[in-house]
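S.K.: Sharing a structure below in structure tokens format, with a few things to ask.
The values are calculated or read from the model by the stated rules, or taken from the named source; none is laboratory data. None of these values were measured; they are calculated from a predicted model. Neighbour counts are summed over all protein chains in view; Cβ atoms, including those assigned to glycine, are modelled from backbone coordinates with ideal geometry. The area values use the complete protein model at the heavy-atom level, side chains included, leaving out ligands, DNA and RNA. Shrake-Rupley method; radii C 1.70, N 1.55, O 1.52, S 1.80 Å.
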2 protein chains.
Amino acid sequence: MPSRPSIPKGTRDFSTDEMLKRDLIFDTIKQVFKLYGYQPIETPAMENLTTLLGKYGEEGDKLLFRILNSGDFLAGIDNEDLLKREPSKLSSQLSEKGLRYDLTVPFARYVVQHRDEIVFPFKRYQIQPVWRADRPQKGRYREFFQCDVDVIGSDSLLNEYELIEIIDDIFERLKIATVIRINNRKILSGIACFIGEPDRITDITVAIDKLEKIGIQAVNEELRDKGISEEGVKKLQPFIQLKGDTWNKLSKLEEMLVQSETGKRGINEMRELFTYIKNSQLNCRVDLDLTLARGLNYYTGAIIEVRSKDVNIGSICGGGRYDNLTGVFGLEGVSGVGVSFGADRIYDVMNQLALFDNITSASSEVLVLNFGDAETKYALKILGILRKLGIKAELYPDPVKLKKQMSYADAKKIPYIIIAGEEEIKTEEVTIKNMSSGEQKKISLKDLNSYILSEIKVKG
Amino acid sequence: MPSRPSIPKGTRDFSTDEMLKRDLIFDTIKQVFKLYGYQPIETPAMENLTTLLGKYGEEGDKLLFRILNSGDFLAGIDNEDLLKREPSKLSSQLSEKGLRYDLTVPFARYVVQHRDEIVFPFKRYQIQPVWRADRPQKGRYREFFQCDVDVIGSDSLLNEYELIEIIDDIFERLKIATVIRINNRKILSGIACFIGEPDRITDITVAIDKLEKIGIQAVNEELRDKGISEEGVKKLQPFIQLKGDTWNKLSKLEEMLVQSETGKRGINEMRELFTYIKNSQLNCRVDLDLTLARGLNYYTGAIIEVRSKDVNIGSICGGGRYDNLTGVFGLEGVSGVGVSFGADRIYDVMNQLALFDNITSASSEVLVLNFGDAETKYALKILGILRKLGIKAELYPDPVKLKKQMSYADAKKIPYIIIAGEEEIKTEEVTIKNMSSGEQKKISLKDLNSYILSEIKVKG
């Protein structure tokens, strides 16, 4: 016998049990997105490489999965080029399509391509897999799902607030306690100006972002290593160590950044957003956190990140405002804001917190036992009644030993079995057995309707 | 301004409107699958090429999308091989993964790989995209969705019957009138024996399969061209022209194939299956059709195909029994039966029959107009009430001219708008406008609950 077949490393099969749990997450997310007026779109798995290349940095380009051109893929390449063996040059000749790396760039492409049909502000969500040729490791896969929700074509901070509400609503429904941290790129710009290093905003925030992980000494060291002046590092300390609640922080920031127009705009944005939050009844805590950076070059306003209170697994949702998503495809001046939910990490958090334990099985609610040809007609009649009531039901397909049929019901956690043998057929009855209590009851076929409705439907 | 970005030919974006219609199809299919006790699995988009190659014939191998290996993909290829420029040989060196071509082969691989965890009979469904490097044309895409439902590990014909019920149930819910045609590979084998050409079953059925399209004369000509003897063609005529209802056909077949053990087994299978069907209350017609072939080499028992009665678009669902799905991966003796629903064609049929016309929009049911900062707090309160009731609702994010906000509601077909300006706030009321009737009503905020429940929830 040959060795068992397998799948590419970094990819996964999802079993029926895993799908049940994953669907709970996806269905909850979709339901909330819709409740707030967002609608789905989908884009193809493959995009032209011209769409993808250069959007994720040099490292990202290397992580793209490329599709080998069909047919004679060497046709346009001469021998000289071939023998030079330059992977990066050859790959662009061998391949003109790649698998999507995220949902953001395809969305930007979508908006530009279809801008004449879209009603703005455009509130869309998108839940699809993405692919990255990353080195696989625990919790990092080469195929994984992103759940993005964005509104574009509106500058209003009500959109940022709505996303906070959506985050709160989803994690409340999933029973995950979270903390939302918010920062603002404009405030970070103001700080960079204030310490006299306006062009070093990336280096500064990359360093600050590590505060929690490596501590203040190491952060300061990194800043110096990156060439931030001693004066700059010193002036930065009050910001890094800013204490107190959000309103306190904002007041102090206002004093410190009084000379930065950009900084002040950022502070005003945060004041407005936190006013909405203060007046709301959110379940989770929302903090202003100046050390939050997240793919900074991309964001132009609010930056949002969500973590589980109970499981230390990093960000389970994040995003922010970007003022020029579509510029790279030739459409300027379209502002957007959005967040992305990390389904795989949310799954891991829920598993660790045993939040899937009470999940109802998606398998059948009733198994009708198979007694053989003579009883089949009666069994099919019962199935018809059950399914008309919306009860998930199946007949064991083969007339094998009842013990085997029962152990099938056990293995699939089917809560009820129906016994309809010669005796039951004679009296137009069925025997229903509750698999967890072991209780068994005989009822007439014409009472099956009301019995099912009261017994099974209520519990199911 | 640069030219608009685009997507690879043969692929599609799905807009919010299209997603709404597609989700109706997918949700209906999933709901029925579950009702009959089937559970979902998912497999990765990429499979190892060793899993895919050789499973779809030579032509299929060419249509696989291959993933270029990451890193230095030329490393293992010497100059001599490179300069030979043989695409088929080089592609297997440049690439070790491919995109799945269908759901059947990944499913077989899944069953063999996970056979120790699976409870048999295994009733699974799988709804995922597949990719084929086919020449794109009307109705044929390079990325399209398959919806497969199979039960494996049981020989019972009750499974075939259950699939017929599922087909009937799904198309009844989608309001598509259909005809199901059924054939049996064993009967076809019997016929091939009867006419003295037992090894030519493929040529015979490929020719017969065209009867509807090209007529009896052309079919006979093709049979002769393929080298079927004049005697054989003559003996075949009664089968091709077999008339009458299914029971008539089966009786006549029984007489004609009296000497073929395989043929008789096929006839008995069809007798059993059509007895279940006769005793049922299916909505669609089910015919025995000896001219139905469908990828014959694969099927070993029942062959099933479904067509729309009203739209001539070819098969919208099809499948059959296969006795050796997993043999190619080293697991022998596992019989299965399944069908696949063609979501794209079903979509086209429903579009042509205007079956999407009454679909409820997934967009918001209520738009709250934005009057500016002073009114925002009140507006957010209203949104909270609506969403708690499960009403999809949104606030227009910017305080722009009301005319613009109204035309947004129009374009998105939002049925109700809520006006909550200075006046309404003073009296703790809201004005609700029905966008289709133009009717407008002022109600107090504390009556909003019951009003919404009676007015919107009932209609929505």
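S.K.: Compute the label-point distances linking residue A:96 to its equivalents in the other copies; points lie 7 Å from Cα along Cα→Cβ; give nm, one decimal, shortest first.
M.R.: From this label point to the equivalent ones elsewhere in the assembly: 2.9 nm.
S.K.: Mind running the shape call on segment B:1-68? Use the C-alpha gyration tensor, a ≥ b ≥ c as the square roots of the eigenvalues: rounded below 1.5 for a/c, prolate if a/b tops b/c, oblate otherwise.
M.R.: In terms of gyration-tensor shape, oblate.
S.K.: Once R0 is set to 22 Å, what does the formula 1/(1 + (r/R0)^6) return for the Cβ-Cβ distance between residue A:283 and residue A:23, expressed as a FRET efficiency to the nearest 0.05?
M.R.: E between residue A:283 and residue A:23, to the nearest 0.05, is 0.40.
S.K.: Still on this structure, I have one more. Quick one: if you stick a label point 7 Å off each Cα along the C-beta vector at residue B:218 and residue A:4, how many nm between them?
M.R.: 5.0 nm
S.K.: Oh, and also: In whole Hz, with x marking every Gly and Pro, tabulate ³J(HN,Hα) for segment A:32-43 from phi via Karplus 6.51 cos²θ - 1.76 cosθ + 1.60, θ = phi - 60°.
M.R.: 6, 3, 5, 4, 9, x, 8, 10, x, 10, 9, 10
S.K.: Evaluate the distance, in nm, between pseudo-label points positioned 7 Å from the Cα of residue A:437 and of residue B:135 along their respective Cα→Cβ axes.
M.R.: Inter-label distance under the simple model: 6.7 nm.
S.K.: I would also like to ask the following. In square angstrom and rounded to 100, what buried accessible area do you get between chains A and B, total over both, with the probe at 1.4 Å?
M.R.: Separately minus together, A and B give about 9000 Å² buried.
S.K.: Let me know the shape class of the protein assembly as shown, please: from the alpha-carbon gyration tensor, a ≥ b ≥ c as square roots of the eigenvalues, rounded when a/c is under 1.5, otherwise prolate if a/b is greater than b/c, or oblate.
M.R.: Note, shape of the protein assembly as shown comes out prolate.
S.K.: Would you mind working out the magnitude of the charge dipole of the protein assembly as shown relative to its Cα centre, with +1 at each Lys and Arg C-beta and -1 at each Asp and Glu C-beta, to the nearest 20 Debye?
M.R.: Working: 132 positive and 138 negative charges, 199 e Å.
Dipole of the protein assembly as shown, to the nearest 20 debye: 960 debye.
S.K.: Now for a separate question. Could you give each residue of segment A:270-285 its phi-based ³J(HN,Hα) in whole Hz, using Karplus coefficients 6.51, -1.76, 1.60 with θ = phi - 60°, and x for Gly or Pro?
M.R.: Computed from phi, the couplings for segment A:270-285 are 5, 4, 5, 4, 6, 5, 4, 5, 4, 7, 9, 10, 5, 7, 9, 7 Hz.
S.K.: Okay, next question. What is segment A:6-162 by shape, rounded, prolate or oblate, if you read a ≥ b ≥ c off the alpha carbon gyration tensor as root eigenvalues and call it rounded for a/c under 1.5, prolate for a/b larger than b/c, and oblate otherwise?
M.R.: oblate
S.K.: So how far, in whole Å, is the C-alpha centre of segment B:84-152 from the one of segment A:159-180?
M.R.: Between the Cα centres of segment B:84-152 and segment A:159-180 lies a distance of 37 Å.
S.K.: Further question: Contour minus end-to-end for residue B:374 and residue B:119, with contour as 0.36 nm per residue of separation and end-to-end as the Cα-Cα distance?
M.R.: On the way: separation 255, 0.36 × 255 = 91.80 nm, distance 6.12 nm.
Fully extending the segment from residue B:374 to residue B:119 adds 85.7 nm.
S.K.: While we're on this one: May I ask which residue of B:182, B:95, B:136 lies farthest towards the positive end of the charge dipole of segment B:49-186, with charges of +1 (Lys, Arg) and -1 (Asp, Glu) on Cβ and the Cα centre as origin?
M.R.: Ranked along the dipole, the leading option is B:136.
S.K.: Oh, and also: What are the nm distances, shortest first, from residue B:196 to its equivalents in the other copies, labels at 7 Å along Cα→Cβ?
M.R.: Sorted ascending, the copy-to-copy spacings read 10.5 nm.
S.K.: Additional query: With θ set to phi - 60° and the Karplus curve 6.51 cos²θ - 1.76 cosθ + 1.60, what are the ³J(HN,Hα) couplings of segment A:445-450 in order, to the nearest whole Hz, using x for Gly and Pro?
M.R.: Using θ = phi - 60°, the values come out as 4, 6, 8, 4, 3, 6 Hz.
S.K.: Determine the dipole magnitude for segment B:168-275: charges of +1 sit on the beta-carbon of Lys and Arg, -1 on that of Asp and Glu, nothing else is charged, the reference point is the Cα centre, and the result goes in debye to the nearest 20.
M.R.: Its charge dipole is roughly 140 debye.
S.K.: Report the relative contact order of chain A, percent, no decimals, based on alpha-carbon pairs under 8 angstrom and at least 6 residues apart. Kindly include the intermediate steps, with their values, before the conclusion.
M.R.: Working: 685 pairs, mean separation 65.7, N = 460.
Worked out over chain A, it gives 14 percent.
S.K.: How big is the dipole moment of chain B about its Cα centre under a simple scheme where the beta carbon of each Lys and Arg is +1, that of each Asp and Glu is -1, and everything else is neutral? Debye, nearest 20, please.
M.R.: Details: 66 positive and 69 negative charges, 203 e Å.
Charge dipole of chain B: 980 debye, to the nearest 20.
S.K.: A follow-up question, please. In nm, to one decimal, how far is the residue B:251 label point from the residue A:79 one, both placed 7 Å along Cα→Cβ?
M.R.: It works out to 7.7 nm between the two label points.
S.K.: For residue A:301, enumerate residues with amide H under 5 Å from its amide H, sequence gap 5+ or separate chain, H modeled in the peptide plane.
M.R.: Amide H to amide H, under 5 Å and 5 or more residues apart or across chains, residue A:301 pairs with A:185, A:321.
S.K.: Can I ask one more? Tell me which of B:283, B:331, B:318 sits at the most positive position along the dipole axis of segment B:222-334, charges placed on C-beta atoms (Lys, Arg +1; Asp, Glu -1).
M.R.: B:283
S.K.: Further, regarding this structure: What percentage of the solvent-accessible surface of segment A:337-460, computed with a 1.4 Å probe over protein heavy atoms, is contributed by carbon and sulfur atoms?
M.R.: Percent of accessible area from carbon and sulfur atoms in segment A:337-460: 51.
S.K.: Right, another one. Projecting each Cα onto the charge dipole of segment B:20-136 (Lys/Arg +1, Asp/Glu -1 at the beta carbon, about the Cα centre), which of B:36, B:73, B:49 comes out farthest on the positive side?
M.R.: Towards the positive end, the residue furthest out is B:36.
S.K.: Would you pull out the residues with amide H under 5 Å of residue B:128's amide H, same chain only if 5 or more places away, H placed 1.01 Å from N?
M.R.: So residue B:128 has HN proximity to B:146, B:148.
S.K.: Using modelled amide H (1.01 Å from N, peptide plane; none on Pro or chain starts), what sits under 5 Å from the amide H of residue B:368, excluding residues fewer than 5 places away?
M.R.: Placed amide hydrogens put B:394, B:395, B:396, B:418 under 5 Å from residue B:368.
S.K.: Measuring label to label, 7 Å along Cα→Cβ, what does residue A:428 give against each other copy in nm, shortest first?
M.R.: Counterpart label points of residue A:428 in the remaining copies fall at 5.9 nm.
S.K.: Given a cut-off of under 8 Å on Cα pairs at least six residues apart, what relative contact order in percent is computed for segment A:308-388?
M.R.: On the way: 56 pairs, mean separation 17.6, N = 81.
It comes to 22 percent, rounded to a whole number.
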